[in-house]
Amino acid sequence: MGRSHRLAAFFALPLAFCWVAPIYGRVLRPRKSRGVKALARGDGLPEVAEDLGSRREVVTDWAQGLLQLAGSLAAFAAAFYVGAKVVLLGQPRMPALRGPYQTIGSRLLRLANLRCRLLYPADPAALGAPEAPYLSEGKKTSDAMAGLVFFPGFLLEHLADAGSGCVQDAPPLLSDTGYPILVYSHGQGGNMDMGTYFLRQIASYGLIVVAVEHQDGSASTGDEANPRPFSLTRGQLGVNYRAEELVQVTRALLSENLAEELGGQRQNVLVGGHSYGGPTAILAAAKAPDFFSGLVLHDPAVSSEMPSLRQPVFSIVGDEYVGIEKLVRVVRKVSASGEARPWSGAWHFAGISHGNFVDAPLWGPLLVMQLLSRLLIPAAGPFDPAQAHNAMAEAAADFATGQRRAVQSDQWQRL
């Protein structure tokens with residue numbers, strides 16, 4: 001089924017209840033009893049018969065109304081479910097890797113007792129080995145993500161069956177020069193998996209990415225060992241707690257010689273994050289300046305209380321955040337620190353939304369995700385999401401290595 005047909009089904013099927021409900025009502029519409037009419041005319045019976053008949057008629061009409069409403073709701077729910085399932089056939093869309101490293105490994109482990117997902121250049125001989133899943137905990141994670149935005153679970157359960165495009169536990173591809181390491185913090189309500197396609201693209205340009213799943217109450221996780229998953233009713237431990245988690249993960253990464261095992265550069269560990277992960281990374285870099293050589297910030301949800309840094313910073317904001325003058329001013333200030341590197345400073349990438357910094361635009365047909373951005377949540381901007389991921393991944397690699405290779409297209413605008 002083509003994309004246009006699936007989109008038509010998504011918008012047409014939920015309207016089926018408008019056709020079903022009236023027919024349902026006509027078929028089952030109550031008919032007035034001839035016996036009641038006869039009683040109302042008299043025939044020697046008391047007038048109370050007329051009142052009794054009227055009351056029965058009111059109750060019957062009321063019950064019929066409820067039945068018709070229930071039928072309408074059931075028809076709408078069924079049509080919406082079928083329409084959504086049709087639209088999501090073939091989703092999510094996994095972009096091709098554009099970097100020089102075409103085999104990416106995925107490894108799950110705990111560092112400082114926090115669950116992390118490592119994405120890294122892997123030995124090409126590992127191709128054909130089992131593929132790592134997109135969501136590490138499958139449907140548990142997809143349900144947690146759906147609940148975050150009050151969606152029914154079936155709208156994201158296709159992610160539970162998706163592949164990541166990475167080889168599970170593949171042996172690393174060692175390099176004479178080694179790879180920069182990016183320790184990455186998810187946003188509010190995010191998790192270590194929901195940006196896997198994007199972070200995989202970054203790894204294809206020769207970086208090791210350590211995606212951390214926080215335990216402060218901000219992660220929509222399916223990990224039953226997480227002591228504080230995301231909750232609307234229980235408080236969170238805050239951004240300073242998250243920053244300390246990044247420091248502890250990095251300390252464990254370096255002390256356990258895992259960096260060397262994967263071919264990483266101990267002296268070139270960067271810290272980064274998306275949204276709430278932005279201020280988390282900034283505070284982590286301020287807490288442990290000797291650990292981190294630079295910062296990569298994606299749509300950072302910064303406040304005015306950000307510390308000064310000595311490391312270089314590469315910041316990108318999308319179309320929503322570029323319109324917030326106070327936020328842009330802070331991003332500029334934070335990004336002006338440190339030595340000059342390729343792409344250091346603050347940038348606006350035109351045509352992308354807040355969700356473009358994770359994989360949200362790839363979870364469903366792009367037109368649907370863009371419509372969702374207009375109606376409910378900032379899921380996808382007008383620019384092609386795969387091209388945006390590639391451009392930002394290549395620029396991040398240039399910043400990490402200090403070697404300029406990426407072409408500055410018209411989408412890039414310095415703030």
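The values are calculated or read from the model by the stated rules, or taken from the named source; none is laboratory data. Please read all numbers here as calculations on a predicted model, not as lab measurements. All Cβ positions, even for glycine, are placed from backbone atoms using ideal geometry, and neighbour counts span all protein chains on display. The area values use the complete protein model at the heavy-atom level, side chains included, leaving out ligands, DNA and RNA. Shrake-Rupley method; radii C 1.70, N 1.55, O 1.52, S 1.80 Å.
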If you roll a 1.4 angstrom probe over the protein chains with everything in place, what fraction of the accessible area of region 191-332 belongs to carbon and sulfur, to the nearest %?
48
Out of residues 5 or more away from Cys166 or on other chains, whose amide H comes under 5 Å of its own, with H placed 1.01 Å from N in the peptide plane?
Ala132
Over region 87-194: Rg over Rh, Cα atoms, Kirkwood Rh
0.99
Give the accessible surface of region 129-176 per residue, rounded to a whole number of Å², with probe radius 1.4 Å and ligands, DNA and RNA excluded.
45
As I understand it, the dipole of region 260-342 uses +1 on the Cβ of Lys and Arg and -1 on the Cβ of Asp and Glu, about the Cα centre. Which of Gln311, Gly263, Gly277 lies farthest toward its positive end?
Gln311
Magnitude of the Cβ-charge dipole of region 138-245, K/R +1 and D/E -1, about the Cα centre, nearest 20 debye?
240
Size-normalised alpha-carbon gyration radius of region 200-338, reference 2.2 N^0.38 Å
1.07
Summarise the accessible area of region 337-415 (1.4 Å probe, protein heavy atoms) by the percent that is carbon and sulfur.
53
Label-to-label distance, nm, for residues given as Asp123 and Gln168 (7 Å Cα→Cβ offset):
1.9
Two pseudo-spin positions, 7 Å from Cα along C-beta at Ala74 and at Ala225, lie apart in nanometres by 4.6
Counting only protein heavy atoms and leaving out ligands, DNA and RNA, the solvent-accessible surface of Leu67 at a 1.4 Å probe, in Å² to the nearest 10, equals 70
Low-density loop trypsin sites (Lys or Arg not before Pro), region 365-415, at most 14 other Cβ within 10 Å, DSSP non-H/G/I/E/B, are Arg404, Arg405
What figure in square angstrom, to the nearest 10, would you give for the accessible area of Asp290 with a 1.4 Å probe?
130
Name the chymotrypsin sites (Phe, Trp or Tyr not before Pro) in region 111-192 that are in a loop by DSSP and that have at most 11 other C-beta atoms within 10 Å, would you?
Phe150
Treating only Lys and Arg (+1) and Asp and Glu (-1) as charged, each at its beta carbon, one finds that region 112-197 has a dipole about its Cα centre, in Debye to the nearest 20, of 240
Using a 1.4 Å probe on the protein heavy atoms only, what accessible surface does Tyr241 show? Give it in Å² to the nearest 10.
100
Gain upon complete extension [Thr233, Val149; 0.36 nm per residue less C-alpha separation]
28.8 nm
Below 8 Å between Cα atoms, with a sequence gap of 6+, how large is the relative contact order for region 135-181 in percent?
34
Which three lengths, in whole Å and largest first, does region 262-415 cover when its Cα atoms are put on their principal axes?
45, 35, 29
Lys139-Arg56 FRET efficiency (beta carbon distance; Förster radius 41 Å; 0.05 resolution)
0.25
